Amino acid sequence: MPSVCQSLHMAGDDEASWRLTDATSRAFHGMMGAMAAAIPPFESFYATHAAEVLRLLRRRLGRERAEDAFQETFLRALRAYGRLQHGEHLRAWVLTIAGNVAIDIARRSGREVLTDVPPELAHYDSVAVEEQLSDLTDGLPPKERAAVVLRYGFDLTYEEIASALDSSSDAARQAASSGVRRLRRASERSTR
Amino acid sequence: MTIPTDLDRRFREAAVRAGLLDAAYDVIESPIGPLLVAATDRGLLRISFNRGYDPEATLEEIARVAGPRVLRAPRAVEAAHRELDEYFAGRRHAFDLAVDLRGLAPFSVVVLGQLAKVPYGHTATYGELATRAGNPKAARAVGMVMNRNPIPVVLPCHRIVGASGSLVGYAGGLDIKEQLLRLEGVTL
């Protein structure tokens with residue numbers, strides 16, 4: 001396969017021929033894909049995030065219930081892991097899963113989570129855009145908020161969001177769009 | 001904070017039980033040093049010598065071949081672990097393990113299939129193995145296949161020697177090749 005540079009060089013002056021051919025385009029996107037964070041082996045992902053996930057779950061659920069939630073979180077992550085498109089924002093992704101598992105377990109046991117404001121998206125990453133988005137979405141219901149932030153802040157696909165929220169990609173799409181509608185109404189109200 | 005051992009173990013076992021792994025592995029002790037042993041639901045996928053190997057790179061390579069859901073899960077490779085222990089103790093002369101040769105070129109699969117038939121305590125030359133694989137002139141190519149054998153020990157590339165009877169080479173180190181042949185009672 002010719003390298004991208006080589007093909008561009010060979011293309012010459014004719015402007016139309018500067019456009020990437022299909023094959024070159026595939027090679028280029030393949031290369032860009034390889035440059036985007038690769039998906040690490042699950043073992044590395046687990047080793048990196050297990051302690052933080054457990055801390056979050058202990059804060060939310062207490063020591064004992066955090067143990068079930070821990071296993072459930074990583075099993076959910078494992079179920080979805082093969083469908084991830086890239087290895088970006090894995091921390092945000094797994095903490096979202098943990099947050100949702102905590103909510104589910106709290107509901108199941110009929111007890112409250114120890115702290116509210118689920119999921120704690122504001123603390124996930126120090127990237128400004130995502131923080132702003134996180135502030136902006138403060139008033140949304142948890143699932144809508146997670147869907148909006150993961151979609152527009154972290155650029156995850158609906159399928160990836162669905163895996164984080166343990167729902168279908170249709171449901172994730174709906175949560176994101178109803179979140180956006182809600183935000184739009186709120187901003188219309190505030191500018192009126 | 002580290003994860004409590006019991007919690008960690010329960011997650012790994014649950015992952016195996018749920019059938020969610022593309023590949024499971026463990027690192028086991030052996031007389032030739034620690035071995036990373038990896039398996040899929042089709043069979044044994046990798047045995048890697050500790051010497052000079054980067055565990056992270058090995059896991060990434062396994063993930064490229066089998067998929068990213070690679071997790072250390074001793075329970076999933078315990079059959080291989082037991083058979084290897086028996087082999088190193090001199091109590092086992094043949095392995096009863098399925099192997100997963102996905103990703104290999106057809107010629108490599110044929111050669112490794114023939115390799116698996118070279119019995120315990122015997123040797124064959126690169127040329128002989130090439131002939132058995134249907135291509136007598138491919139001794140050098142057979143050498144490459146031996147060098148890249150993904151499942152050494154179980155697929156006994158240590159039993160393949162030069163035409164003069166010299167050991168020639170071994171990806172794990174010539175001393176390990178010699179040690180394995182001595183274990184099998186081959187006089188060098």
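Structure summary
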{"quantity": "Whole-angstrom gap from the stretch A:150-179 to the stretch B:58-130, using each part's C-alpha centre", "calculated": "42"}
{"quantity": "log10 of Debye I(q)/I(0), alpha-carbon scatterers only, for the stretch B:3-42 at 0.14, 0.19, 0.28 Å⁻¹", "calculated": "-0.41, -0.69, -0.94"}
{"quantity": "Among B:107, B:31, B:81 - extreme Cα towards positive end, dipole of chain B, charges at beta-carbon", "calculated": "B:107"}
{"quantity": "Separation of the residue A:171 and residue B:109 label points, Cα + 7 Å toward Cβ, nm", "calculated": "4.0"}
{"quantity": "Where a label projected 7 Å from the Cα of residue B:3 along Cα→Cβ would reach, residues of the stretch A:45-62 with amide N under 17 Å", "calculated": "A:45-59"}
{"quantity": "Debye intensity ratio I(q)/I(0), log10, the stretch B:89-173, q values 0.11, 0.18, 0.25 Å⁻¹ (C-alpha model)", "calculated": "-0.27, -0.72, -1.38"}
{"quantity": "Peptide ranges A:175-183, B:69-77 listed from the most packed, as the mean C-beta count within 10 angstrom indicates", "calculated": "B:69-77, A:175-183"}
{"quantity": "Under 5 Å, built H, 5+ apart or other chain: amide partners of residue A:87", "calculated": "A:37, A:38, A:39"}
{"quantity": "Accessible surface of the stretch B:47-188, 1.4 Å probe, proportion on carbon and sulfur as whole %", "calculated": "51"}
{"quantity": "Residue B:160 long-range amide H proximity, modeled H, under 5 Å", "calculated": "B:124"}
{"quantity": "Among B:57, B:15, B:124: highest mean-square fluctuation, GNM of chain B, C-alpha pairs under 10 Å", "calculated": "B:57"}
{"quantity": "Accessible surface ranking that places the most exposed of B:187, A:137 first, with a 1.4 angstrom probe", "calculated": "B:187, A:137"}
{"quantity": "Fraction in percent of alpha-carbon pairs per bin - 10 Å, the stretch B:40-82", "calculated": "24, 59, 18"}
{"quantity": "Number of partner chain Cβ atoms within 10 Å, mean per residue of A:43-53", "calculated": "4"}
{"quantity": "Inter-chain Cβ neighbour average for residues A:77-86, partner chain, 10 Å", "calculated": "3"}
{"quantity": "In Å, descending, principal axis extents of the Cα set of the stretch B:1-148", "calculated": "58, 34, 29"}
{"quantity": "Number of partner chain Cβ atoms within 10 Å, mean per residue of B:12-18", "calculated": "3"}
{"quantity": "Hits among lysines - C-alpha to C-alpha of residue B:117 under 23 Å, sequence gap 8 or more where chains match", "calculated": "B:137, B:177"}
{"quantity": "Calculated FRET efficiency for the pair residue A:108/residue B:92, C-beta based, R₀ 56 Å, to 0.05", "calculated": "0.70"}
{"quantity": "Amide H within-cut-off set for residue B:45, under 5 Å, with H built and near neighbours excluded", "calculated": "B:38, B:39, B:40, B:100"}
{"quantity": "Beta bridges per DSSP with both ends in chain B, % antiparallel, nearest 5", "calculated": "65"}
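The values are calculated or read from the model by the stated rules, or taken from the named source; none is laboratory data. In this text, all values refer to a predicted model and were calculated from it rather than measured experimentally. All Cβ positions, even for glycine, are placed from backbone atoms using ideal geometry, and neighbour counts span all protein chains on display. Protein only, heavy atoms only, side chains kept; ligands, DNA and RNA dropped before computing areas. Shrake-Rupley method; radii C 1.70, N 1.55, O 1.52, S 1.80 Å.
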